[in-house]
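Have a look at the structure below before the remarks.
The values are calculated or read from the model by the stated rules, or taken from the named source; none is laboratory data. All figures in this text were calculated on a predicted structure; none of them were measured in a lab. Cβ coordinates were reconstructed from backbone atoms using ideal geometry, including for glycine residues, and neighbour counts include every protein chain displayed.
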Amino acid sequence: MIEYLLFATFIGLLFHGIHRKVIARVQGRPGPPIWQEILHTLKFSFKETWIPKTASQTLFVAVVFVAIGIWSGALFILLSGGSLLLLFAVYLLHKIVEHGMGLSSGSPYGKFGAIRSVISAASELPLLATVAVIYLFTGSLSIADIAAYQQVHGPLLILAFPAAAAMYLVILSKMHYGPFSIIEAKEIVSGNMTEHFGVWRAGLEVGFALKTYVLLYAFVLLFIGPLPLGLALLLMLLVLISLSFVCAVTPMLSPYDTVTIQSLVTGALVIYIIVLGVVMG
Amino acid sequence: MFNLPTTNIGGQELFVLEFGDIVAYFSPYTTALFVFALIFTALAIVSRPEKQMDIAFGGDAYYAKVVDPELMRFQRFMAIACGLATLGAMVTGDVFNFTLFASLVGITNIGIVAAYRNRHVLNAAFQYGIVAMLATVPLFGGAAIVVASTGTLSMWELFTGAVAVPLIAKAFLVLGVMGEGMAPFYVAKAEITRAQGAPFILMVHVSSLLLFLRVAEIVISM
């Protein structure tokens, strides 16, 4: 498990680098090398580290460990074919990390980021609707059962395309430099991450790399099915590049517009669920 | 006696903890939620609040807010009470006990926020209090419909396929939890989270998300 955790962290950081590179190329800039985020993490690991005088010190440090802990747990759930509901729980608990990260520093920019993270709680609604659709089709919330269902009936990407689109929006909501990245917008410096630097930032980068890996892998596993690792990685990369294109060509939305779009998508999915419920009896 | 149906979506039952007629059960799902609540309750116990820096708009000035020890003590007390109620709600095996814990979370959440003496925060806390009070009607109403229609509040009975719980009862439970957990206020009244005392304010967020996760498990399993 430890070696897989390191592998997922490495791939997640590489994906972050590729994400930046694709955005830059689409926007006509050279962009950083794709291993830039790996270098960043290593650099932060050896930089001088302290805790701001104004911070709630214990919480300031604890959220970093919680971020790594919950996404390591999520990776374990995914690999062991555990409960999809538990994966959904981890996604929700990540919101607490974002909130705690911003509030604990005492910085006004961190605080604004934390408040925006609270506002963007609407990003969880499409995921909940996705879970409901998957349950309607497969009759189970076990990831192993869902994978087995797809081996018999074909990928859910085709059978339940609206749910896959909603899940895609969920992942997009968590991507850096995307239309929904309001919590780390540049008008509030780096938002809730403003005061976390040095080894704390390196820890957060590791947690976020795991998050990206888990979300992309979950998308492939839940909507395409169990695949050999190499093929799964290739599909994850394709999904990532498509997300990077969206991020590159879409301006950042205002906080309340993000809520509107996510709520509208959830509403559309609820209508789909009702229709599905009627059709499937 | 206490064996959850194997189809339970929270996973296989690991063990039960009996306190008289109050029985808590631990499945992988409830255990994960319980551990998370425990971590943040511990953080509320050991953490000191941050010293918020505020910018005076229109200039370069900024000022640091002072931490009031009295306020900190009260918020910490409420946050710990909120954590304990959340812990109970995560593992209880009884629908009525779940609603009791949920309403206790609502009360303590009001306490955490309303302790802070700021007009905007107090306004938000007052409005939240009204919603939390209103939410007790569907919350306890949902539990009442469950017992009236099935004759039991025990999750061991309700999670079996033999017992059919009306959809309206499930909807009421979700609605009640949303009100108690201040979920609608996340978007509409986000300034509620601007109050000082990050480890304690965070407990509001933790408890409401965990309550939502638990009620999702309960209504899907019933």
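Within region B:57-69, identify whether any single residue is within 11 Å of another protein chain (Cβ to nearest Cβ), closer than 19 Å to A:SER56 by Cα and out of contact with any strand residue (DSSP E or B) (no Cβ under 8 Å at 6 or more places or on another chain), and answer yes or no. Looking for residues that are within 11 Å of another protein chain (Cβ to nearest Cβ), closer than 19 Å to A:SER56 by Cα and out of contact with any strand residue (DSSP E or B) (no Cβ under 8 Å at 6 or more places or on another chain), one finds at least one in region B:57-69, hence yes. Scanning region B:149-184 for residues that are among the small types (Gly, Ala, Ser), over 22 Å from B:SER103 (Cα atoms) and touching a Pro at 6+ places or on another chain (Cβ under 9 Å) turns up B:SER149, B:GLY161. I'd like the residue in region A:175-196 that is surrounded by fewer than 20 Cβ atoms within 10 Å (Cβ to Cβ) and at pLDDT 85 or above and, out of all such residues, is nearest to A:ALA268 (Cα to Cα). Among those residues, the one meeting the criterion is A:PRO179. Listed by position, the helices (runs of 4 or more DSSP H) inside region A:4-104 whose residues that are closer than 26 Å to A:PRO226 by Cα number at least 1 are A:57-80, A:84-104. Filter region B:1-38 for residues that are polar (S, T, N, Q) and under 23 Å from B:ALA85 (Cβ atoms); which is modelled with the lowest pLDDT? So the residue we want is B:SER27. In contact with a strand residue (DSSP E or B) (Cβ under 9 Å, 6 or more places away or on another chain) and crowded, with 21+ Cβ neighbours inside 10 Å - does that describe any residue in region A:67-77? Yes. If the condition is being without any contact (Cβ under 8 Å) to a residue 60 or more places away in the chain and either within 14 Å of chain A (Cβ to nearest Cβ) or of a type in the set (Lys, Arg) (or both), then region B:70-83 contributes only B:ARG73. The condition of being facing another protein chain (nearest Cβ under 10 Å), crowded, with 22+ Cβ neighbours inside 10 Å and at pLDDT below 85 holds for A:SER117. Condition (residue is at pLDDT 90 or above and among the small types (Gly, Ala, Ser)) applied to region A:263-272: is it met by at least one residue? There is no residue in region A:263-272 that is at pLDDT 90 or above and among the small types (Gly, Ala, Ser).
Under the condition of being facing chain B (nearest Cβ under 9 Å) and farther than 16 Å from B:ALA37 by Cα, the residues counted in region A:89-108 number 7.
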